[in-house]
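K.L.:
Have a look at this one before I ask anything.
The values are calculated or read from the model by the stated rules, or taken from the named source; none is laboratory data. Just so it is clear, the structure is predicted and the values come from calculations on it, not from any experiment. Cβ placement follows ideal geometry from the backbone for every residue including glycine, while neighbour counts extend to all protein chains displayed.
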Amino acid sequence: MIVKGLLSQKWFYIVMIGLLIIFIQNSKLILHMHFTINVLLFMIPFLSIFFYLLLKGRKDKTYSLKENLIDAGGIAFFILFILKIMINFYIKSYSEDQKILIMRLPVSNLTSGRQDLIYFEFEGEKYSLRYSNRDLEKQDVINNYNIELSYSPSVFDTYVVKNYRIVHK
């Protein structure tokens with residue numbers, strides 16, 4: 001099994017943690033990323049690898065549906081991470097040459113804990129961004145403040161948040 005061999009390697013975990021950190025940092029500021037793009041980025045490698053392993057296993061008489069599914073899923077997930085990082089980088093790079101737009105949106109929620117998050121709705125979809133809340137009460141923020149987004153349009157009908165802040169209504 002390919003995935004079983006990779007999971008026994010320490011370098012694989014280091015690479016996956018590094019990719020996960022890069023992915024989380026880059027994807028949080030991209031708005032309106034279509035779900036179908038993510039599905040295609042996973043399904044195309046998954047199906048390609050699965051059918052390759054299926055044909056190779058039948059030829060070698062080592063066919064195992066369960067192992068092929070696990071191998072194809074694991075490899076496709078790894079490829080998805082790499083492709084998402086590259087696409088996110090392209091989306092951010094493309095937005096650098098675009099006009100910066102500013103929009104004020106109502107705050108729908110604020111959560112405090114290990115990390116404070118401010119929630120808002122942008123073009124019918126709900127998002128959250130990190131926010132360092134020191135002095136304001138939750139209800140005060142929801143009732144009396146807006147989030148001001150500075151963003152640029154990008155490819156795939158996405159938007160890249162350049163800056164954001166909380167402003168009084």
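K.L.:
Check whether at least one residue in the range 94-106 is touching a helix residue (DSSP H, G or I) at 6+ places or on another chain (Cβ under 9 Å), at negative phi, modelled with pLDDT of 90 or more and part of a strand (DSSP E or B), and report yes or no.
P.N.:
yes
K.L.:
Can I ask one more? Among what's in the range 90-103 and is surrounded by 14 or more Cβ atoms within 10 Å (Cβ to Cβ) and not hydrophobic (A, V, I, L, M, F, W, C), pick the residue that is farthest from VAL15 (Cα to Cα).
P.N.:
Of everything passing the filter in the range 90-103, GLN98 is farthest from VAL15 (Cα to Cα).
K.L.:
Have a look at PHE51, PHE78, PHE89 and point out the one that is without any contact (Cβ under 8 Å) to a residue 60 or more places away in the chain, outside the structural domain of LYS126 (by TED's automatic domain parsing) and assigned to a helix (DSSP H, G or I).
P.N.:
Testing whether each residue is without any contact (Cβ under 8 Å) to a residue 60 or more places away in the chain, outside the structural domain of LYS126 (by TED's automatic domain parsing) and assigned to a helix (DSSP H, G or I) leaves just PHE51.
K.L.:
Does any residue of the range 155-168 turn out to be under 28 Å from ILE21 (Cβ atoms), over 15 Å from the mean Cα position of the chain (by Cα), buried (at least 18 other Cβ atoms within 10 Å of the Cβ) and in contact (Cβ under 8 Å) with a residue 40 or more places away in the chain?
P.N.:
No: the range 155-168 contains no residue that is under 28 Å from ILE21 (Cβ atoms), over 15 Å from the mean Cα position of the chain (by Cα), buried (at least 18 other Cβ atoms within 10 Å of the Cβ) and in contact (Cβ under 8 Å) with a residue 40 or more places away in the chain.
K.L.:
Another question, if that's okay. Taking the range 40-58 as the search range and keeping residues that are farther than 15 Å from PHE81 by Cβ and of a type in the set (Phe, Trp, Tyr), which one is nearest to the chain's Cα centre (by Cα)?
P.N.:
Among those that are farther than 15 Å from PHE81 by Cβ and of a type in the set (Phe, Trp, Tyr), it is PHE50.
K.L.:
Could you tell me whether any residue of the range 82-89 is among the hydrophobic types (A, V, I, L, M, F, W, C), within 23 Å of LYS162 (Cβ to Cβ), modelled with pLDDT of 95 or more and surrounded by 14 or more Cβ atoms within 10 Å (Cβ to Cβ)?
P.N.:
So far as the range 82-89 goes, no, none of its residues is among the hydrophobic types (A, V, I, L, M, F, W, C), within 23 Å of LYS162 (Cβ to Cβ), modelled with pLDDT of 95 or more and surrounded by 14 or more Cβ atoms within 10 Å (Cβ to Cβ).
K.L.:
Considering only residues that are at pLDDT 90 or above and small (Gly, Ala, Ser), look in the range 129-154 and name the one that is surrounded by the fewest Cβ atoms within 10 Å (Cβ to Cβ).
P.N.:
SER150
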